[in-house]
Amino acid sequence: MADILDSVEFQHEDGTDTGKEILVLALSTCAFCKRAMSFLRNQGLAYKYVFLDQIDPDLKRKVKDELRSRYESLPIFPVLVYNREKALSGFTEKEWRTVLGM
């Protein structure tokens, strides 16, 4: 089965630490999403992001379905997908630091 995340056009945010695959699924109007992305930037981490409210509704539904099935995660935004192995819903700095090995 193909990974639906490969069908999503992510934007890239440069950083000095590029050794991890970090994907952020966010909403353009979400304050927690903005805070999470700012946290990643401040840590110097390169990451990719997409604002799900700005993509095709059918693709958005498929992405949310995959998050539920593959990661057993309810998509509460922002969603951090780390190395396609683990996903976190919502932004809690302590949890994100733990998953990112900080």
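The values are calculated or read from the model by the stated rules, or taken from the named source; none is laboratory data. Remember, it's a predicted structure, so these values are computed and weren't measured experimentally. No Cβ is skipped: glycine too gets one built from the backbone with ideal geometry, and neighbour counts run over all protein chains shown.
Some observations on this one:
- Residue tally, condition more than 15 Å from Ala87 (Cβ to Cβ) and touching a residue at least 12 places away in the same chain (Cβ under 8 Å), over the range 11-33: 13
- Any hit, the range 56-64, residues being β-branched (Val, Ile, Thr), in a loop (DSSP other than H, G, I, E, B) and either in contact with a helix residue (DSSP H, G or I) (Cβ under 8 Å, 6 or more places away or on another chain) or at pLDDT 95 or above (or both): no
- Taking the range 69-102 as the range and being touching a Pro at 6+ places or on another chain (Cβ under 7 Å) and not in a loop (DSSP other than H, G, I, E, B) as the test, only Ser89 passes.
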